[in-house]
Amino acid sequence: MNKKSKNLGKELLKLNLITIFGASVAGNIIVGFFIGKLLDHLFKTEKIFVIIFLFLGAISGIYNGIRQLLKEVEKYDK
C-alpha cells in the first residue's frame, strides 16, 4: 500500500466515527420525540413530555455517541 492509500483509509475511518456519532445523537433525539409525543397523547398534555424526552434523548445521544467514539478510537490506536 502506498502512503496516499493509507491516508485515505485513515480519513475514511475518521468520517465513519463522525457518522456514528451523528447517527447516535439523531436516533436518540428521534426516539425521545416519539416517546414524548405518545405520552402527550395518552395523558392529553401540551407538549410537556415531548420537551422532556427531547432533552433526555439529546443527553443520552451525546453520552452514547462519546462512549462509542472513545471505544472506536481505542480500537484504532491498538
### Task
Considering every residue within region 36-52, establish whether at least one is basic (K, R) and part of a helix (DSSP H, G or I).
yes
### Task
Answer yes or no as to whether L56 is of a type outside the set (S, T, Y), in contact (Cβ under 8 Å) with a residue 24 or more places away in the chain and not in a loop (DSSP other than H, G, I, E, B).
yes
### Query
Do you know which of the residues in region 1-40 that are within 30 Å of D77 (Cβ to Cβ) and of a type in the set (K, R) is nearest to the chain's Cα centre (by Cα)?
K14
### Task
Considering each residue of region 46-60, count those that are surrounded by 16 or more Cβ atoms within 10 Å (Cβ to Cβ) and either aliphatic (A, V, I, L, M) or at pLDDT below 95 (or both), and give that number.
3
### Message
So F43 ticks every box in (1) over 16 Å from the mean Cα position of the chain (by Cα); (2) at negative phi; (3) surrounded by 11 or more Cβ atoms within 10 Å (Cβ to Cβ); (4) of a type outside the set (D, E) but one. Which box is left unticked?
### Response
(3)
### Task
Mind counting the residues in region 4-42 that are among the hydroxyl-bearing types (S, T, Y) and either closer than 23 Å to L70 by Cα or touching a residue at least 40 places away in the same chain (Cβ under 8 Å) (or both)?
2
### Message
Just to be sure before I move on: is Y76 out of contact with any strand residue (DSSP E or B) (no Cβ under 9 Å at 6 or more places or on another chain), touching a residue at least 60 places away in the same chain (Cβ under 8 Å) and aromatic (F, W, Y) in the structure I sent?
### Response
yes
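The values are calculated or read from the model by the stated rules, or taken from the named source; none is laboratory data. Note that the coordinates shown come from a computational prediction; the quantities given were computed from them, not determined experimentally. Heads up, the Cβs are rebuilt from the backbone with ideal geometry, glycines too, and the neighbour counts pull from every protein chain shown.
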